[in-house]
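To keep things clear, I will list the structure first and then write my remarks on it.
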Amino acid sequence: MLDLNVNARTPASITAAFKRMHEMVMTGAVAEDATFHLILAPGIYRESIRYNMSNPLIMECVQGAAADCMIQADNCEAFRKGRENRSIFYFGPNATKVTLKNFSVENTHLKSIEADNTKLDSAEAFVWDNSSGTLKAEGMTFIGRQNTIFVRGFSWFLGCHVEGDTDIVYGEPDVCVLEDCSVHIRSDNRGDYNGYAVKSRTDAGKKGFVLTNCTFTGEKRKKSSLYVYRTAGLGQISTGRNFDNAAFINCRVSDIYSPEFEWDDDMELSICPRGNAESGIREYGTKTILESGGETASDTSRRNVKSYTLTDDDYFKMYASRYLIFENTPLAARLE
């Protein structure tokens, strides 16, 4: 493993480190499968960065809290088109094994005043655009507004904090596990609009998003609502594409969220498939965080009719441990 140290005093220091790593591999100075260990000093790194090498990468800040080490920039679809260009931290399809620890990534973009300008306001903080490698992010913070995190393939977020106002965690994962994470819906800088935490567009047969022991909080709207999940309304049984596959296991949800849980534009959009033990929108053991500070078992009687409440048998068969959730996926190898 090759250690590299960077600090925020040098402009674009992380980009320069990635370039140096690439040059070392191309010249044969290090092996193509050598692991790079990038150690970040505390500070604010004002740059957008890209990593698309096959070399395993460990990237971490070893001093202080995640808030003390921030990768930060203002970017969006209106500035640079495509997720690979508009995000602050992008991983491409060649990445293999990536570990991120104890730092923050923030897209500081403020959304447009125009209510219908949503695509141009897409502004990911973090993109895992990879279908074959594995990502483990631990103790990280991701901050944005519209589309904070996008994922494909296989990823595991452990003890992380994510915040935004629309589709905070979204994508097309085979399986993306958020464990012991906090998800916060912040106010929309444009005004009083609905807030949405999770959106899945997963292929049939894939587990999709699995959120276990996560906490959902938010900033209350005057008239609009907060939703744990919203559908894109594009799922089709005939094609097996864009399934609303998301499981919420033993999560804690603030009582300012809609008891409907899932948004489908008053049933104008199709949530596909209807929830069951293995796919669709399913939940188990949800607790409601009361305004008083206490919590209680959630009343699921007002949930969207397409969702499914897992039985105890379902839970203990498929979701009761990391091993069951990661079973038969490349993430199983990350359980070291």
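The values are calculated or read from the model by the stated rules, or taken from the named source; none is laboratory data. What you are looking at is a predicted structure, and each value in this text was computed from that prediction instead of being measured. All Cβ positions, glycine included, derive from the backbone under ideal geometry; neighbour counts span all protein chains shown. These accessible areas exclude ligands, DNA and RNA; they are computed on the full protein's heavy atoms, side chains included. Shrake-Rupley method; radii C 1.70, N 1.55, O 1.52, S 1.80 Å.
Among the residues making up the stretch 39-98, those that are in contact with an Asp or Glu (Cβ under 8 Å, 6 or more places away or on another chain) and basic (Lys, Arg) are Arg50, Arg83, Arg86. The residue that is nearest to Asn102 (Cα to Cα), among those in the stretch 5-34 that are surrounded by fewer than 18 Cβ atoms within 10 Å (Cβ to Cβ) and in contact with a Leu (Cβ under 7 Å, 6 or more places away or on another chain), is Ala34.
I need the full set of residues from the stretch 77-92 which are in a loop (DSSP other than H, G, I, E, B) and over 18 Å from Glu172 (Cα atoms), in order please. Glu77, Ala78, Phe79, Arg80, Lys81, Ile88 - these are the residues of the stretch 77-92 that are in a loop (DSSP other than H, G, I, E, B) and over 18 Å from Glu172 (Cα atoms). Restricting the stretch 123-137 to residues that are out of contact with any helix residue (DSSP H, G or I) (no Cβ under 9 Å at 6 or more places or on another chain) and not in a strand (DSSP E or B), the residue that is farthest from Thr108 (Cα to Cα) is Ser131.
Looking across Ser225, Ser279, Ser270, Ser254, one residue alone is modelled with pLDDT under 95 and small (Gly, Ala, Ser). It is Ser270. Restricted to the stretch 84-135, and to residues there that are of a type in the set (D, E, K, R) and under 24 Å from Glu179 (Cα atoms), the residue that is farthest from the chain's Cα centre (by Cα) is Lys97.
So, in the stretch 46-55, of the ones that are under 21 Å from the mean Cα position of the chain (by Cα) and over 19 Å from Val25 (Cα atoms), which residue ends up surrounded by the fewest Cβ atoms within 10 Å (Cβ to Cβ)? Ranking the candidates gives Glu47 first.
Let's see how each residue does on (1) more than 25 Å from Gly235 (Cα to Cα); (2) of a type outside the set (Asp, Glu); (3) surrounded by fewer than 19 Cβ atoms within 10 Å (Cβ to Cβ):
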{"position": "Tyr284", "(1), (2), (3)": "no, yes, no"}
{"position": "Ile289", "(1), (2), (3)": "yes, yes, no"}
{"position": "Ser292", "(1), (2), (3)": "yes, yes, yes"}
{"position": "Thr300", "(1), (2), (3)": "no, yes, yes"}
{"position": "Asn304", "(1), (2), (3)": "no, yes, no"}
{"position": "Tyr308", "(1), (2), (3)": "no, yes, no"}
{"position": "Ser321", "(1), (2), (3)": "yes, yes, yes"}
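Within the stretch 225-278, the set of residues being touching a residue at least 24 places away in the same chain (Cβ under 8 Å) and polar (S, T, N, Q) comprises Ser225, Thr231, Gln236, Asn242, Asn245, Asn250, Ser254, Ser258, Ser270, Asn276. The set of residues from the stretch 138-169 being open to solvent by less than 10 Å² (accessible area, probe 1.4 Å), closer than 24 Å to Leu57 by Cα and not in a loop (DSSP other than H, G, I, E, B) comprises Phe142, Ile149, Phe150, Val151, Gly153, Ser155, Trp156, Phe157, Val162, Val169.
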